[in-house]
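Reviewing the structure listed below.
A short reminder: the numbers here are calculations on the coordinates, not readings from a lab. Bear in mind that the values here come from a model prediction, so they are computed numbers and not experimental data. Glycine gets a Cβ as well: all are built from the backbone with ideal geometry, and neighbour counts include every protein chain shown.
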Amino acid sequence: MNIWEITENFIFTVNLKAAHREIAKQLSQQKLTSAKAKQDFYNVLAICAVKDYLEVLGYEVDWNNSDFNNSAISTFADVADLEVKNYGKLECRAVFSSDNIYVPEDAWANRIGYVFVYVDESHQEANILGFVPSVEEIEGVVSLNKLRSLEDFPEYLSQKKHYKIVEKSFGAIKEGAVILGQWLKEVKESIEQEWQNAEDLLMRQPQNLSYMTRNNSEAINKAKLIDLKMKLASQGVMLLMTVTSQPKEKLKIRARVCPVPGEKHLPAGLKLEILSQSKEPLKEVISQSRDYFIQLPEFTGEPGDKFMLRITLGDASLTEEFIV
């Protein structure tokens, strides 16, 4: 029995093109493990199939506003979303067997629906099996025989016309967003005054953390002094960004938080997070007592990628937005 026969629903078949396979290859080849790369390859093919299906129905999609296409976010989040203009995001997941499908928690919120697609082993054909409206209440576990039929999908989607994604304006360049690519152009006017030379600040600390900026002579290291104003007191810390140019205008990015000059350690319990477009935490690190610094894993961003960093201590927090 074919996988899609389990659903007992109307299915839509998409003939996958060489362009679809090339896009899937490009977006999955930088993953850390071969298993993750394979999963992402199939998920991107599923997205391509759903995109073609929606366009047949007359809907317009916004490929560039999808999290999966933002390498700064997809490094930390397991997502396979497709933005439908004026409606919201659909999560598109590839199906590999007749077993239950698990949708990762990263994709449980900020979705107008979940579409499931079987891609054949030759990558020539995709069968869109059906959809479900939500997955959070079933903790992401979806049974193929519980999928709603595609016959119901156009009417279902029409009801989402006025659905608005939380913080959808994140897709635009906001005033105050830090454009990291400009740091490499050495144009004084383009570098925000509040971002200072990191080594100068690090050398003024009791433990002299300037060694953190010396590993790569081609890297740009900028630091920003931040005052976290809490109810009972304030706490100064320093956000350190290291940016290194990569081929094809990509940037390698590392974010750290260090003590301000004059302080030896970070306060315990200080949190550094990278956030999704809907401000959901994707990865976090928390300082322990006597930590000199904390850092997120290094990641690579492509031109136009957007991400946010949030620093939190007690009841105080500050969020910075960045554009590659």
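One chain, two ends: residue 105 and residue 124. Fully extended at 0.36 nm per residue, the span grows by 3.9 nm beyond their Cα-Cα distance.
The label-point distance for residue 184 and residue 25, in a model that sets each label 7 Å from Cα toward Cβ, rounds to 2.5 nm. When only alpha carbons are used to place a centre, the range 126-146 and the range 262-310 end up 33 Å from one another.
Taking a straight Cα-Cα cut-off under 15 Å and skipping sequence neighbours fewer than 8 places away in the same chain, the aspartates and glutamates within cross-link reach of residue 250 are 218, 298, 302, 305.
For the range 8-114, the set of chymotrypsin sites (Phe, Trp or Tyr not before Pro) satisfying both a DSSP loop assignment and a count of at most 14 other C-beta atoms within 10 Å is given as 10, 96. Here 285, 257 are placed in order of increasing Cβ neighbour count within 10 Å, fewest first, which gives 285, 257. Checking the cross-link pairs 89/185; 160/271; 36/252; 248/279 against a 25 Å limit on the alpha carbon distance flags 89/185; 160/271; 248/279 as lying beyond it. I need the shape label for the range 3-165. Rule: rounded when a/c is under 1.5, else prolate if a/b > b/c, else oblate, with a, b, c from the alpha carbon gyration tensor. Rounded is the answer for the range 3-165, as its axis ratio a/c remains below 1.5.
What shape does the range 32-95 take by its C-alpha gyration tensor, where a ≥ b ≥ c are the square roots of the eigenvalues and a/c under 1.5 counts as rounded, a/b above b/c as prolate, and the rest as oblate? Oblate is the answer for the range 32-95, as a/c is 1.5 or above yet b/c matches or exceeds a/b. Label the range 69-154 by shape, choosing from rounded, prolate and oblate, from the square roots a ≥ b ≥ c of the eigenvalues of the Cα gyration tensor; if a/c is under 1.5 it is rounded, and otherwise prolate applies when a/b is larger than b/c, oblate when it is not. The shape class here is rounded.
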